[in-house]
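A short write-up of the structure that comes next.
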Amino acid sequence: MEKRVLRRSYQIANLIHKHLDQSITEAESALLEEWLREKDSNQELFLQLVKKERISKAIDRMRKIEEEKAAAFPDIINRINAPVAQPAPYRIHKWYYALAVSVLLCICIGALFYINRQAGNSSVPAATASYQHDIPPGTNKATLTLADGTTITLDSAQNGTLAQQGNTKVIKLDSGRLAYQGGKASGKGILYNTIYTPRGGQYQITLPDGSRVWLNAASSLRFPTAFAAGEREVEISGEVYFEIAALTDKSKKKVPFIVDVKKPSSLSNTRIAVLGTHFNVMAYDDEQTVAITLLEGAVNVSGAQGDSRLKPGQQAQLNKQGTLKVVPDADLVAVMAWKNGLFQFHNASLPAVLRQLSRWYNVDIEYKGTIPQREFEGEIQRDLTLSQVLRILEKNQVNISIEGNKMVVMP
């Protein structure tokens, strides 16, 4: 609970800082406005923190910070709880804010954490009145299907050993991550498991060879419980990020890692061969292309009409006709945003944005009338409720309501 409150406090403190030095984006400004609307005490705190006198005191405090560490936090709380006067308009040069930033952030974080903890707030504020319904963000949840067909709901399973698959133990670690340990292929043939994340879910797994895999919402990974000598091969659908462990056989030859992309409807088959590398694969059925983005190492991507060897920073795209295109300078921040707890949009159309929201919040999309021609830029946290995200989209004159398990887009 306290970790979530502290994280939320830090996020708001960072938004206030960006507001002060005038670097805040439109999306971030919408988040700050949402927080200000939640309750009067948030507005009072904000007014106190942005007062010129407050920042001057922060600078004085920065000069004395070492000798006042022990007494600083109670003093901050006492000041914040003092009566609030309506501040006069202020104008302060940008360098002034930069000087005060370290102490100001400490003030914001300390005060926000104290107030939120006292009020018993969670990291996700309640929905505002303009939305009749609200939907929470996705969580770590997945289903594991064993070789004999047994299914295990991972988010509700106890930590510890979940199953024995051949010579391999299936373990749920204290962190909630799934791990396969002790894996050597048995003489009874290869056993396959499949992990599946529903819409509104994500999960992380460590494979028998030590490779780490992250699954985004509505994704799957089929893999052997133990890799046979000299080969490693898995099959995926949806969006999956890999950090492949380097592996050599008895002759010291590197063992390749093969990823087969489960064929989305009307898209060509895709095969990815890697040695030791970090890369992301996006292959959702409702997207127009399969995108393989390389962060580190090297991969060979093969499609119906050719193949290509990627370098770090490049992205391979395969369309419905099987045509392979290489983007030399991929937007790695946007590609990896989902793994880092963000939505990142760059010239994204409204349907593209809503498809991501649909998968993460487990909602359907309904358009009434023509689809608004809008493009979106910026980032949004994935731990917000759906109504909070939609409030940000409203800044682009998009009218979306939540009706049951549906986002309804209106002209």
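All of the numbers you see were taken from the coordinates with simple rules; none came from a lab. Fair warning: this is a prediction, and the values are worked out from it, not measured in the lab. Here the Cβ is made from the backbone with ideal geometry for all residues, glycine too, and neighbour counts use every protein chain on show.
Counting other beta carbons within 10 Å of each residue's own, what order do Lys339, Lys311, Lys172 fall into, fewest first? Don't jump to the answer; show the numbers that get you there.
Values: Lys339 16, Lys311 12, Lys172 19.
Neighbour counts put them in this order, fewest first: Lys311, Lys339, Lys172.
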- Message: Strictly over 19 Å apart at the Cα level, which of Lys320/Lys406; Lys262/Lys320; Lys141/Lys339; Lys141/Lys172 would you flag in this model?
- Response: Lys320/Lys406
- Query: According to a simple spin-label model (label point 7 Å from Cα along Cα-to-Cβ), what is the distance in nm between Ala298 and Lys406?
  - Reply: 5.2 nm
- the stretch 293-411: relative contact order in percent, alpha carbon pairs under 8 Å with at least 6 residues between: 18 percent
- Query: Per residue, how much space in cubic angstrom lies within the convex hull of the C-alpha atoms of the stretch 341-410?
  - Reply: 74 Å³
